[in-house]
1. Which lysines, if any, have their Cα less than 26 Å from the Cα of C:Lys24, not counting same-chain residues under 8 positions apart?
2. Where does the Debye-calculated log10 I(q)/I(0) of the protein assembly as shown sit at q = 0.09, 0.10 Å⁻¹, using only Cα point scatterers of equal weight, no solvent?
3. From the phi of every residue in the stretch B:167-181, what ³J(HN,Hα) in whole Hz does the Karplus formula 6.51 cos²θ - 1.76 cosθ + 1.60 yield, where θ is phi - 60° and glycine or proline is x?
4. Around C:Leu49, which amide H atoms from residues at least 5 apart in sequence, or from another chain, sit under 5 Å from its own amide H, with H modelled in the peptide plane?
5. For the protein assembly as shown, what does the accessible surface come to per residue with a 1.4 Å probe? Please give it in Å².
6. Sequence neighbours fewer than 8 away in the same chain don't count; with that in mind, list the aspartates and glutamates whose C-alpha is under 18 Å from A:Lys322.
7. Working out 0.36 nm times the residue gap between A:Arg199 and A:Ala213, then minus their Cα-Cα distance, what length gain in nm do you get to one decimal?
8. Report A:Ser289's accessible area, 1.4 Å probe, all protein chains in place, as a number in Å² to the nearest 10.
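The values are calculated or read from the model by the stated rules, or taken from the named source; none is laboratory data. Because the structure is predicted, anything quoted here is derived from the model rather than measured. Quick reminder, even Gly has a Cβ in these numbers, built from the backbone with ideal geometry, and neighbours come from all protein chains shown. Ligands, DNA and RNA are stripped out before the accessible areas are found, and what is left, the full protein with its side chains, is counted by its heavy atoms. Shrake-Rupley method; radii C 1.70, N 1.55, O 1.52, S 1.80 Å.
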Amino acid sequence: MGKYAKIGICILLCLMGAALIISPAMAQDHGDGYEATAASALIPQDTHPWWFWPLLLFVVTFVMGILAVLGGVGGGVLFVPIISGFFPFHLDFVRGTGLLVALSGALAAGPGLLKANLASLRLAIPVALIASTCAIFGAMIGLALPTNIIQICLGVTILGICVLMLTAKKSEFPDVPESDPLSASLRIYGVYQEASTGRPIHWKVHRTPLGLALFVIIGVMAGMFGLGAGWANVPVLNLLMGAPLKISVATSKFLLSITDTSAAWIYMNKGCVIPLMVVPSLVGIMLGSFLGVRLLKIAKPGFIRWMVIGILAFAGLKALQKGIFG
Amino acid sequence: MPLKQKVRDRMVPVADYATISQDATLKEAAMALRGSFCELSGAQSCTEAGHRTILAMDDKGRLTGILDFNSFLRALIPEVAGGLTARLSALGVSAAFAEQGAEEQDEARMGLSARVRKNAQVRVRDIMLKVRGTIEPDASLMDALKALFKNRITKLPVLENGKLAGVLRDTDLFMAVTDLLTEADE
Amino acid sequence: MEDTEDITMEATPEQVLYAKVLEKGMYVGLLILFITYAIYMFGILDPYLPIPQLSRLWTQNVHEYLTEAGIQDGWAWVGMLRYGDFVNFIGIAMLAGVTIMCYIAIIPTLLRNNDKVYAALAALEALVLIAAASGLVAGGH
């Protein structure tokens, strides 16, 4: 099969997924008040068969996983906006599921990144402490505020993320003249072997206090919105603190596993995790990203990144609409 | 009768077998195994007549593990030869880089030579296979045969008082058993 | 560059240990999750909240969902493991808890290398995560 045939199949899958997204949104009836007592003796009004929602979630997250890899946009930042924008689930449950989905992606990549010494534990531990603590506060705030306020904030944040993705640069080997006192005393530095040349690359970081302060904000946002914060971690680690891009990307992914763990527990303890949603989404995104990696070896159509950012922006506008107009 | 012989009569003495420290890198172990397998001491082409495994020793000279061709390949090209977890792990790492638009930083997409050279930095002790059965030099060949098949291995290290004395290979036992056929024809 | 000459390209022992615990915990957690999800989907254990009902309740916020379904929040799911939907929480809790196990696992290694600062940071992180997991810091309505 030629490479463009495979890309064509990928696009067909996207369209199929899009069609499936639109149909339940039109089929769902909203809030007929009903009286519920115990778990039985209820006339169900949802006529979909039991496998409908898991399968739908699986297909949509599968496509999402492929697009996340091909588009260079984290799956963790796609899940909450798209699912909350186009599915009938309440934002509380979407955020809970979104955190678990982002968490499992980070858990899957973590061991490989750590063993290869690309994710730096020394860099991650202090940062994670700040971020995970603030994620707890973010989750508490996010569950305390009224839903429409959260929707508005989510919409604004997503649009901001889109702008960031379109404008942020990346620095492969930032110039760090000197460590700052904090990172020097914590011995946050390392060396890795640059694969293309075989040379060892020594790296260190600076502006650590400012970086940690930014991670306060990142942690709160991760907890509040259930978004995987890779889009924020990498610029702070790479552009602000000066870690090489490879180290920043790897450490960022690893960091997600810790930040999202703390927030996920808050959501879980508040009852915001629905198993029916979690497993198909988790499996869908992971399998989708694996397939995306295989497709990436064949070709990377440039328009996919634009398309994904466009979908994200659309989801952001939808969140704003839901928040303002209810 | 061949099968009444002892293990020490058929084993390869340890001096003729390739060994490596378990703290050496995979690259050093690979070079040592190539030297032994190719039976060359110069730049001539490889005879491929030497031994196909290399023994790992600790700093006290005790046998701690064994490496065969497959264990080298599994470590050097895990995305192809590795087990399911190694291949999934490689996919997960690649996905992590691609999701940040940094796939050119992804080591799994680098050239094969760069990847292999990097993977060869791993230490022998991290990937060596466990020694699943050993035998004494004064044991009979029948016992050696049983040990080989019971443990499903092809190389049986021979330990004398806990120290490595040699290696008994499945080829040595093949020769011993088929010697019975040559005798019967006479 | 002189201050970074004392390190090698290899991952530190605590980093390798973290990776190993993470890998094992993740695979075990995923395996349990798949098994319990199969139990749920194929009705081997009856769910507490039948799916048609669930799909009506998930449009509402979590407070109303819990009240109408009669579900307690927090760790009450442990008492409801005979139901097909709640048994999935074992796998979910495992995946959410593996990071805590990793942090606890590396503390002895850090102490052995006389890295008191990082051992303290790791212990602090484990405490933060345990506090989040325990439900002590639940805020909200």
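1. A:Lys115, A:Lys246, A:Lys253, B:Lys118, B:Lys130
2. Evaluating at q = 0.09, 0.10 Å⁻¹ gives log10 I(q)/I(0) of -0.80, -0.93.
3. Taking θ as phi minus 60°, the curve returns 9, 9, 9, 4, 5, 5, 6, 4, 4, 5, 5, 6, 4, 4, 5 Hz for the stretch B:167-181.
4. C:Asp85
5. 43
6. A:Asp29, A:Asp92
7. Between A:Arg199 and A:Ala213, full extension yields an extra 1.7 nm.
8. 10
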